[in-house]
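Right, one structure below, let's go through it.
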């Protein structure tokens with residue numbers, strides 16, 4: 001009887017244990033399902049926030065492209081406007097007055113980049129941002145919105161000086177303000193008698209303040225826009241692909257983000273005739289320092305070399321260091337691209353580079369290109385500059401002229417990867 005009871009107890013205990021195990025397993029499964037559901041909901045919420053950010057970035061980049069186009073257009077006009085004042089005959093046609101007045105008006109019409117931060121702010125407030133912790137996407141988000149803040153600060157500073165110039169102009173006791181800003185109303189028959197007044201407007205200190213400030217600060221702002229555009233495009237692409245890690249396409253594209261504090265040289269030397277502030281223009285001929293650079297045309301830089309034994313116009317690295325020959329690393333680039341033309345076909349232009357240790361004895365490699373009377377691009381492999389240490393360039397590009405008078409026009413100079 002006792003043995004029978006023990007058998008029954010063992011069976012009951014096994015049954016009870018099995019029931020408990022089943023209950024525990026059921027609870028664990030239920031918890032796991034709950035966790036899965038919660039994880040799925042959180043993932044869906046995170047993706048919704050990221051989708052909102054993607055739409056915000058798309059809007060931001062459309063605005064950035066419009067600002068870039070505007071600032072590049074104005075920046076490219078300024079060399080011509082300056083030279084026309086300094087070297088011109090101080091007689092202004094209606095077309096020239098229009099160019100001056102339009103440029104001044106657009107500089108006074110302050111433009112700001114107004115980013116849409118709603119998606120990013122919502123993500124930060126949601127607590128879901130920590131789900132991206134340690135992932136490439138988190139770093140890219142931080143880079144993008146940190147650069148957005150830097151641009152906002154720089155634009156505020158940039159526009160504050162333009163606002164000051166505009167205020168000075170409005171307070172100035174100048175006649176014919178209406179005529180200056182609406183040159184289409186100028187009677188061509190009375191253009192001669194308006195020249196003194198027009199010159200007063202064009203060279204007024206408030207107007208030249210606008211031109212000077214835009215000349216020295218626009219290109220840095222444009223470069224920051226370019227960086228934001230690259231980062232934003234890749235960030236948006238990764239979000240749309242629901243990819244939290246950088247792929248090869250993103251890594252390649254992000255290599256084009258320029259580090260202003262790094263040692264890599266800036267790729268764009270000249271764009272539409274305007275030289276980037278990262279470079280300093282210098283000229284020498286047989287008698288010493290010389291201003292070979294001639295009167296600039298609109299959206300092009302013209303070099304007019306006189307009939308002398310030799311001359312050189314070159315662009316050196318412009319940095320804040322006190323080094324006699326500051327340099328940058330251009331070894332990451334593959335070629336030098338120049339857009340140029342000449343008054344006659346088959347005119348030779350000698351292109352040179354110098355590193356910080358090259359002697360000033362004319363021993364550097366000279367690479368010839370043959371210009372035509374039409375604008376053309378010329379791609380020169382950097383490997384052709386045999387004497388230059390590309391990782392230590394002091395003079396990324398220069399032009400040598402020998403023995404005879406020569407005129408060339410340059411529109412664009414850039415290094416290409």
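Coordinate-derived values only; no laboratory data. Keep in mind that this is a model prediction, so the values were computed, not measured. Here the Cβ positions follow ideal geometry from the backbone for every residue, glycine too, while neighbour counts run over all protein chains shown.
A few remarks follow.
- Relative contact order of the chain, taken over Cα pairs closer than 8 Å and 6 or more residues apart, is 16 percent.
- Seen against the Cα atoms of the chain and their longest principal axis, helix 2-87 is set at about 10 degrees.
- Normalising the average separation of contacting C-alpha pairs (under 8 angstrom, six or more residues apart) by the number of residues puts the relative contact order of the stretch 164-215 at 55 percent.
- Ranked by the mean number of other Cβ atoms within 10 Å of their residues, highest first, the peptides 399-412, 351-364 fall in the order 399-412, 351-364.
- Judged by the gyration tensor of its Cα atoms, with axes a ≥ b ≥ c, the stretch 268-416 is rounded; a/c sits under the 1.5 cut.
- Taking the average, over residues, of other Cβ atoms within 10 Å as the packing measure, peptides 185-194, 301-310 rank 301-310, 185-194 from highest down.
- For the chain, the longest principal axis of the C-alpha atoms and the axis of helix 205-240 are separated by about 30°.
- With contacts taken as Cα pairs under 8 Å at a separation of at least 6 residues, the stretch 41-254 carries a relative contact order of 38 percent.
- Packing here is the average count of other Cβ atoms within 10 Å per residue, and on that basis the peptides 112-123, 317-328, highest first, run 112-123, 317-328.
- Angle of helix 94-108 to the longest C-alpha principal axis of the chain, folded into 0 to 90 degrees and rounded to 10: 30°.
- Against the empirical 2.2 N^0.38 Å (N residues), the chain has a Cα radius of gyration ratio of 1.47.
- Secondary-structure-derived ellipticity at 222 nm for the chain, considering helices only, amounts to -17000 deg cm²/dmol, per-run term -39500 (n - 2.57) for DSSP H runs with n ≥ 4.
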